[in-house]
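The values are calculated or read from the model by the stated rules, or taken from the named source; none is laboratory data. Here the structure is a predicted model, which means the values were calculated and not measured. For neighbour counting, all protein chains shown are included, and Cβ atoms are generated from backbone atoms with ideal geometry for every residue, glycine included. Note: areas computed on protein heavy atoms with side chains; ligands, DNA, RNA excluded. Shrake-Rupley method; radii C 1.70, N 1.55, O 1.52, S 1.80 Å.
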Amino acid sequence: MEVKGKRGSRRRPRRSQAERTRATREALIAAARRLFADRGYAEVGTEEIVQVAGLTRGALYHQFGSKKELLAAVYERIEGEVAERIAAGALGASNPLEAMRAGIETALDACLEPEVQRIVFLDAPAVLGWERWREIGAQHGLGLIEGTLQAAIEAGSIKHQHVRPLAHVLMGALDEAAMLIARAEDPAAMRAEVSPTLQAL
């Protein structure tokens, strides 16, 4: 809705505080994501982040409290996007096991992307610590794995068993495979090696 000013001119209505807050967070996440992906967390200072975002350092600390928390937000954003791609890629599968196989391939493909390698599997575990890194990853991936396994059990594709421990084991295997790819001298070759192993599991 446009608002008329003096002399009949039209101006946009002022954004709400919530909208301004959301826009500030998005600008900081986008700037940090680009910079962290290009050079790594350790090589990027907060002053550069806020300059790229067109904001102040005070805005960064108000929204996130620290550069470390900004990294957590960037990592969580990427994890969410990858999880959405995995879910979308599995939609056309004919059964739950095929959906899981498709999901594995999508996840491994994501591991070849430089920003995923650097932010998700190099910087985030080192800076946030294993427990926090794992917690954020599980928020996006564990439920997806559990749901697919439960569907596979109900369809008779795999034997009846406790879903939660199996999902944790499979997620751990996926994380280890992703680490191998991200840290390999030849990520594409390593991806080709680990795919059959995961598919066998």
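Where a ≥ b ≥ c are the square roots of the eigenvalues of the C-alpha gyration tensor, would you call the stretch 155-201 rounded, which needs a/c under 1.5, or, failing that, prolate if a/b is larger than b/c, or oblate?
oblate
Given axes a ≥ b ≥ c from the Cα gyration tensor, I'd like to know whether the stretch 1-150 is rounded (a/c under 1.5), prolate (a/b larger than b/c) or oblate.
Oblate, since a/c reaches 1.5 and b/c is not below a/b.
Just the accessible area per residue of the stretch 4-104, please: how many Å² with a 1.4 Å probe?
Here the residues of the stretch 4-104 average 60 Å² of exposed surface.
Round to the nearest 0.05 the FRET efficiency obtained for ASP38 and ALA151 when R0 = 45 Å and r is the Cβ-Cβ distance.
Efficiency at R0 = 45 Å is approximately 0.70.
Which angle from 0 to 90°, rounded to the nearest 10, does the C-alpha axis of helix 67-90 make with the longest principal axis of the chain?
50
Quick check for you: which residues of the stretch 164-182 have the amide N under 18 Å from the point 7 Å beyond the Cα of ALA200 toward its beta carbon?
The answer is 170-178, 180-181, whose backbone nitrogens lie closer than 18 Å to the label point.
Give the shape of the stretch 93-136 as rounded, prolate or oblate, defined through the alpha-carbon gyration tensor: a ≥ b ≥ c are the square roots of its eigenvalues, a/c under 1.5 means rounded, and otherwise the shape is prolate if a/b is larger than b/c and oblate if not.
Note, shape of the stretch 93-136 comes out oblate.
Just want to confirm a number: the relative contact order over the chain, from Cα pairs under 8 angstrom separated by 6+ residues, in percent.
18
Output the 0 to 90 degree angle, nearest 10, between the alpha-carbon long axis of helix 163-183 and the longest principal axis computed from the alpha carbons of the chain.
Relative to the chain, helix 163-183 is tipped by roughly 70 degrees.
Sort out for me the Cα centre separation of the stretch 15-73 from the stretch 124-185, rounded to whole Å.
If you average the Cα positions of each part, the centres end up 29 Å apart.
Relative to the present Cα-Cα distance, how much length would full extension add between THR46 and TYR61 at 0.36 nm per residue of separation?
In short, 4.5 nm is gained.
To the nearest 10 degrees, how steeply does helix 130-154 sit against the main Cα axis of the chain, on a 0 to 90 scale?
Tilt relative to the chain: about 50 degrees.
May I ask you to give the percent of accessible area on the stretch 42-101 that is carbon plus sulfur, with a probe radius of 1.4 Å?
It is 50 percent, rounded to a whole number.
First measure r as the distance between the Cβ atoms of ALA23 and GLN139, then evaluate 1/(1 + (r/R0)^6) with R0 = 30 Å and state the FRET efficiency to the nearest 0.05.
0.80
So how far apart, in nm, are the two label points at ALA188 and GLU113 if each is 7 Å from Cα heading toward Cβ?
The modelled label-to-label distance comes out at 1.8 nm.
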